[in-house]
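See below for the structure under consideration.
The values are calculated or read from the model by the stated rules, or taken from the named source; none is laboratory data. Because the structure is predicted, anything quoted here is derived from the model rather than measured. All Cβ positions, glycine included, derive from the backbone under ideal geometry; neighbour counts span all protein chains shown.
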Amino acid sequence: MTVGRFIVRSLGVLAVLGVVGLGIALWAYRDIPAAELEARYAGPTSRFINIDGVRMHYRDEGTGPVVVLFHANFSNLIDWDPWVEALKDQYRVVRVDMTSHGLTGPDPTGDYTLPRTLELTERLLDALGIEKATLGGTSLGGTVAIHYTARHPERVERLILLSPGSLEGKEKMARGTVPKAGYVLKYIMPRALPEFMLRSGFGDPSQLPEALVDRWYDLWMREGQREAQLDRLSQYVAGDIEGLIRSIRVPVLLLWGEANSTAVFAQSVEFRELLHDTPSLTFISYPGVGHMAVEEAGPRIGKDVRAWLDKPI
């Protein structure tokens with residue numbers, strides 16, 4: 001056999017192996033059907049409602065003054081369990097999976113911008129008959145809560161912000177921040193990715209439960225979810241977040257993990273300065289806690305939230 005024929009045949013074998021390997025990878029990282037995930041993760045209080053063509057997953061528990069919770073990017077409403085346990089005996093706690101997250105999944109419109117997220121939030125609260133509430137949010141959820149409060153101050157009683165994310169004076173986060181190559185995650189996404197994200201968000205990564213990694217990974221693998229999340233990242237524009245924060249005129253509870261390496265602890269100082277004109281501001285920091293504070297220290301922080309809510313305005 002000539003060298004040339006050997007090389008051609010070898011390349012042919014490698015090509016076949018590559019196709020086989022790709023096929024195995026695509027099978028291993030295939031989407032999980034929505035119905036399968038709902039059977040696994042929808043709880044007794046889970047509800048689904050059609051809001052402008054989106055089948056949204058939410059939970060509505062307890063009775064009393066209303067508290068609405070918005071989760072972080074890549075997260076899901078289940079992560080709020082410790083807060084719900086701390087509040088639901090005296091408060092009505094509503095939490096929702098945003099589009100591209102949890103059991104809600106993709107938006108058929110393909111629109112994951114903040115205006116669309118706010119529109120769906122407004123319609124959901126209207127559908128649930130919620131005229132006034134305390135809003136709570138962490139990371140992206142904090143940004144959503146800030147936007148909603150600035151837009152509907154008459155409908156917000158108090159505001160809870162837990163490590164609410166990066167500060168941007170102008171729309172620095174332009175569209176197209178996810179490179180096209182990043183969309184390979186639509187097809188191949190190892191469990192190591194959510195595990196890395198969670199570990200980097202814990203102040204003490206050794207405390208990360210494997211079950212939490214499993215749940216995040218499973219819900220990321222929901223059919224259509226990966227592409228939807230990449231689209232959300234590509235479409236994200238924070239807006240004039242400083243101006244919005246300055247406009248807040250409701251009591252605020254600001255919470256921050258001191259070991260936060262995403263929204264670094266120094267940002268809490270700037271946040272407090274921007275919240276100068278609020279009627280009241282309570283600040284609590286948590287030594288050793290990272291950006292994923294809901295997941296890392298949920299019960300502890302939930303108790304502080306309850307104590308703050310129980311005080312008269």
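Every residue, every condition in (1) in contact with a Gly (Cβ under 6 Å, 6 or more places away or on another chain); (2) crowded, with 20+ Cβ neighbours inside 10 Å; (3) in contact (Cβ under 8 Å) with a residue 40 or more places away in the chain; (4) within 28 Å of V54 (Cα to Cα), yes or no:
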{"site": "G257", "(1), (2), (3), (4)": "yes, yes, yes, no"}
{"site": "F271", "(1), (2), (3), (4)": "no, yes, yes, no"}
{"site": "G302", "(1), (2), (3), (4)": "no, no, yes, no"}
{"site": "W308", "(1), (2), (3), (4)": "no, no, yes, no"}
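Take the range 268-313 and flag every residue that is among the small types (G, A, S) and not in a helix (DSSP H, G or I). S280, S285, G288, G290 - these are the residues of the range 268-313 that are among the small types (G, A, S) and not in a helix (DSSP H, G or I).
When R249 is tested against the conditions (1) surrounded by fewer than 21 Cβ atoms within 10 Å (Cβ to Cβ); (2) out of contact with any Pro (no Cβ under 7 Å at 6 or more places or on another chain); (3) of a type outside the set (D, E), the lone failure is (2). The set of residues in the range 245-258 being part of a helix (DSSP H, G or I) and among the aliphatic types (A, V, I, L, M) consists of I245 alone.
Which of the residues that make up the range 107-150 are surrounded by fewer than 21 Cβ atoms within 10 Å (Cβ to Cβ), assigned to a loop (DSSP other than H, G, I, E, B) and of a type outside the set (A, V, I, L, M)? Passing the criteria: P108, T109, G110, D111, T113, G129, E131, K132.
Please work out if E227 is within 21 Å of R116 (Cβ to Cβ) and more than 16 Å from the chain's Cα centre (by Cα). No. Kindly establish whether V20 is surrounded by 10 or more Cβ atoms within 10 Å (Cβ to Cβ) and either in the same structural domain as Y91 (by TED's automatic domain parsing) or modelled with pLDDT of 70 or more (or both). So V20 does not fit the description; no. Looking for something surrounded by fewer than 22 Cβ atoms within 10 Å (Cβ to Cβ), assigned by TED's automatic domain parsing to the domain that holds A211 and among the hydroxyl-bearing types (S, T, Y) - is there at least one such residue anywhere in the range 68-85? Looking for residues that are surrounded by fewer than 22 Cβ atoms within 10 Å (Cβ to Cβ), assigned by TED's automatic domain parsing to the domain that holds A211 and among the hydroxyl-bearing types (S, T, Y), one finds none in the range 68-85, hence no. For E36, the criteria (1) without any contact (Cβ under 8 Å) to a residue 24 or more places away in the chain; (2) part of a loop (DSSP other than H, G, I, E, B) hold in every case but one, which is (2).
For the range 161-172, the criterion of being at negative phi and modelled with pLDDT of 95 or more is met by at least one residue.
For the range 279-300, the candidate set comprises residues that are crowded, with 17+ Cβ neighbours inside 10 Å and of a type in the set (A, V, I, L, M, F, W, C); within that set, the residue that is farthest from S163 (Cα to Cα) is A297. S261 - would you say it is touching a residue at least 40 places away in the same chain (Cβ under 8 Å), part of a loop (DSSP other than H, G, I, E, B) and under 20 Å from the mean Cα position of the chain (by Cα)? Answer is yes for this residue.
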